[in-house]
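Below is one structure, written out as structure tokens; comments come after it.
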Amino acid sequence: CHDSNGELHEFGSSWRNADCYDCSCSRSGIDCCSSFATPVDYNEEKCVSIFSKETCTYKVVEKDDHSKECPVYGWVG
């Protein structure tokens, strides 16, 4: 299988790509799914979600002070 970057992967192999998706190669092609949950229920007026590609996680923080985390009531993934 060739991924979107042109890299070759063997049948039966799996990997995490640079965009934090877990992928696998089979004879029917490449399947990828997100390895992270996305915040969907939080105060969007006061807070902002920030994605880290290093940790493959979202953090929801106050717009005016990124050191203060906001409560999140719902995630999808």
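Here are some notes:
- Correct choice for Rg and Dmax of the Cα atoms in Å that was computed from the model, options (1) 16.4, 49; (2) 12.1, 37; (3) 12.5, 39: (1)
- Near Ser13, the amide H atoms lying under 5 Å from its own belong to Cys25; only residues 5 or more places off or on other chains count, and H is placed 1.01 Å from N.
- Using R0 = 30 Å, the C-beta based FRET efficiency linking Ser67 and Tyr21 works out to 0.55.
- Residues with amide H under 5 Å from that of Thr57, placed H, sequence gap 5 or more: Ser52
- Straight-distance candidates among the aspartates and glutamates for linking to Lys46, with alpha-carbon spacing under 17 Å and chain neighbours fewer than 8 residues away dropped: Glu62, Asp64, Asp65, Glu69.
Read-outs throughout are calculated quantities, based only on the coordinates presented, and are distinct from any laboratory measurement. Keep in mind that what you see is a predicted model, and the values were worked out from it rather than measured. Using ideal geometry, Cβ is built from the backbone for each residue, glycine included, and neighbour counts are taken over all protein chains shown.
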